[in-house]
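A.B. asks: The structure's right below; bear with me while I get my questions together.
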Amino acid sequence: MRYDFDTPVNRRGTDSMKWNVGENELPMWVADMDFKTAPEILEAMEKRLAHGVFGYGDVTDEWYKAYIGWWKDRHGFVMEKDWLIFCTGVIPAISSMVRKLTTPNENVVIQTPVYNIFFNSILNNGCRVLENPLRYENGTYAMDFEDLEKKLSDPQTSLMILCNPHNPVGKIWDKETLERVGELADKHHVTVISDEIHCDITEPGKMYVPFASVSETCRKVSATCIAPTKAFNLAGMQTAAVSVPDPVLHHKVWRALNTDEVAEPNSFATTVAIAAFEKGENWLNALCVYIFENKRIASWYIETQIPGVFVVASDATYLLWIDVSALPGESGDIATYIREKTGLYISSGAAYGNAGKHFLRMNVACPRETFLNGLERLKKGILQYRIDKQGEIQHK
């Protein structure tokens, strides 16, 4: 079957957070896609809708089998049924686990620049953010293990949130890197929450490495958050899972999610997950080809049309991480200027920690026509920003 990713879908007036913008504005910020989900998922939803009764739901054996089968067949990792817990979303799960697995004023380590809501989950629960900035050299990112061990060894550190693959930089962490994280966490008695929600949006031919698949140590110290929502554009369905192999840690996480009442599915939550993992692979493969062609075009366009600005190479996510360090000013000012002058709404890298203050994040999961429009606006905004800033300098 040939899937259509080219036809634009009008999302204005559909309660879309992303598209709640001005008439001339083009939102390419928040991480949801402008594509309809897989036809196979829509068919399953239509069948469930036709039933007409939407009482209290339960998590079925089919839901467990779908997750287990997907991770075994696609990622070569065998999970057990007893590891899995349903939850309404990755962020609700992370926030619940921060509450349960820490005490107020303890440290939670994150590797910046990183998904901005991690900060909220930590700070809103009375804990302190302890940043382990990634090393950025020659346009690539790596972990700073010397600093990481220093942060993990702090007696007040009880938790680390790992982003695998990493949002926003798009890095797929290799087995050796993840193994070392697990060893350090175990050595210093720190639990690792691995957010793997972006794991299925990877460059064709490349796959991510599940943290818990790396070693027995990684399994023992970790709770992994997974979901079909990013890959199949189902964020509004509120469906996800946490996989926790260690029985003691599993019980704590199970209590956390149930205490916060985020462990019960709505009438479509299990339906869409089962359909995605059992019938959506062909659609997903086609989607990844389309997205990474967008990313290839973006890298070429920005390199050739916007001097001094470039896209950081990445193997995962549908997000561009754009290095604007050659421009005067910081990303917050640049993003605001671009939106005001062109209507293009993209994210300031400063939202992801101080290490992101010279970067912009741009979502390219949209039809080619929309995507090219966004690139043109980006070019116009940055070129005009540079001219205006040079004028300001000359008048000083």
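A.B. asks: Pairs under 6 Å by beta carbon, first residue on the phi < 0 side of the Ramachandran plot in region 276-294, partner among the charged types (D, E, K, R) and not in a loop (DSSP other than H, G, I, E, B), six or more apart or different chains?
C.D. replies: Cβ pairs passing all conditions: LYS279/GLU40; GLY280/GLU40.
A.B. asks: Take residues that are open to solvent by 20 Å² or more (accessible area, probe 1.4 Å) and under 30 Å from ALA185 (Cβ atoms) and tell me which of the helices (runs of 4 or more DSSP H) falling wholly in region 202-309 contain 1 or more. Talk me through it step by step, then tell me what you get.
C.D. replies: Details: elements: 216-221, 229-232, 247-259, 269-279, 281-305.
Per the criteria, 216-221, 229-232, 247-259.
A.B. asks: While we're looking at this one, here's another question. I'd like to verify a number: residues in region 230-284 that are within 16 Å of LEU84 (Cβ to Cβ) and either hydrophobic (A, V, I, L, M, F, W, C) or under 20 Å from the mean Cα position of the chain (by Cα) (or both), how many?
C.D. replies: Start the filter on region 230-284 by keeping residues that are within 16 Å of LEU84 (Cβ to Cβ), which leaves 239-247, 249-258, 262-265, 269-270, 273-274, 276-278.
Next cut, either hydrophobic (A, V, I, L, M, F, W, C) or under 20 Å from the mean Cα position of the chain (by Cα) (or both) only: 239-244, 249, 253-254, 256-257, 262-263, 269, 273-274, 276-277.
Here the count works out to 18.
A.B. asks: What are the residues in region 76-98 that are in a helix (DSSP H, G or I), of a type outside the set (Phe, Trp, Tyr), buried (at least 18 other Cβ atoms within 10 Å of the Cβ) and out of contact with any Leu (no Cβ under 6 Å at 6 or more places or on another chain), if any?
C.D. replies: We begin by selecting, within region 76-98, every residue in a helix (DSSP H, G or I); these are 81-83, 90-98.
When the remaining residues are screened for being of a type outside the set (Phe, Trp, Tyr), the result is 81-82, 90-98.
Next, only the ones that are buried (at least 18 other Cβ atoms within 10 Å of the Cβ) stay: 90-98.
Correct list: VAL90, ILE91, PRO92, ALA93, ILE94, SER95, MET97, VAL98.
A.B. asks: Something else about it: Take region 99-109 and flag every residue that is within 16 Å of ALA223 (Cβ to Cβ) and assigned to a loop (DSSP other than H, G, I, E, B).
C.D. replies: Of everything in region 99-109, just one residue is within 16 Å of ALA223 (Cβ to Cβ) and assigned to a loop (DSSP other than H, G, I, E, B), namely THR102.
A.B. asks: State the number of residues belonging to region 168-182 that are part of a helix (DSSP H, G or I) and either open to solvent by less than 30 Å² (accessible area, probe 1.4 Å) or under 13 Å from LYS206 (Cα atoms) (or both). Quick ask: steps written out before the conclusion?
C.D. replies: Narrowing region 168-182 to residues part of a helix (DSSP H, G or I): 175-182.
Remaining after also requiring either open to solvent by less than 30 Å² (accessible area, probe 1.4 Å) or under 13 Å from LYS206 (Cα atoms) (or both): 177-178, 181-182.
Total meeting the criteria: 4.
A.B. asks: Between ASN164, ASN105, ASN138, which is open to solvent by 20 Å² or more (accessible area, probe 1.4 Å), touching a residue at least 24 places away in the same chain (Cβ under 8 Å) and polar (S, T, N, Q)? Quick ask: steps written out before the conclusion?
C.D. replies: Details: ASN164 fails: open to solvent by 20 Å² or more (accessible area, probe 1.4 Å); ASN138 fails: touching a residue at least 24 places away in the same chain (Cβ under 8 Å).
Just one listed residue meets the conditions, ASN105.
A.B. asks: Now a separate question. Name every residue in region 1-38 that is more than 27 Å from PHE277 (Cα to Cα), touching a strand residue (DSSP E or B) at 6+ places or on another chain (Cβ under 6 Å) and either loosely packed, with under 10 Cβ neighbours inside 10 Å or charged (D, E, K, R) (or both), in order of residue number.
C.D. replies: GLU25
The values are calculated or read from the model by the stated rules, or taken from the named source; none is laboratory data. No experiment lies behind these values; they were computed from the predicted model shown. Don't worry about glycine lacking a Cβ; one is built from the backbone with ideal geometry, like all the others, and counts go over all protein chains shown. Side chains included, ligands, DNA and RNA excluded: accessible areas come from the protein's heavy atoms. Shrake-Rupley method; radii C 1.70, N 1.55, O 1.52, S 1.80 Å.
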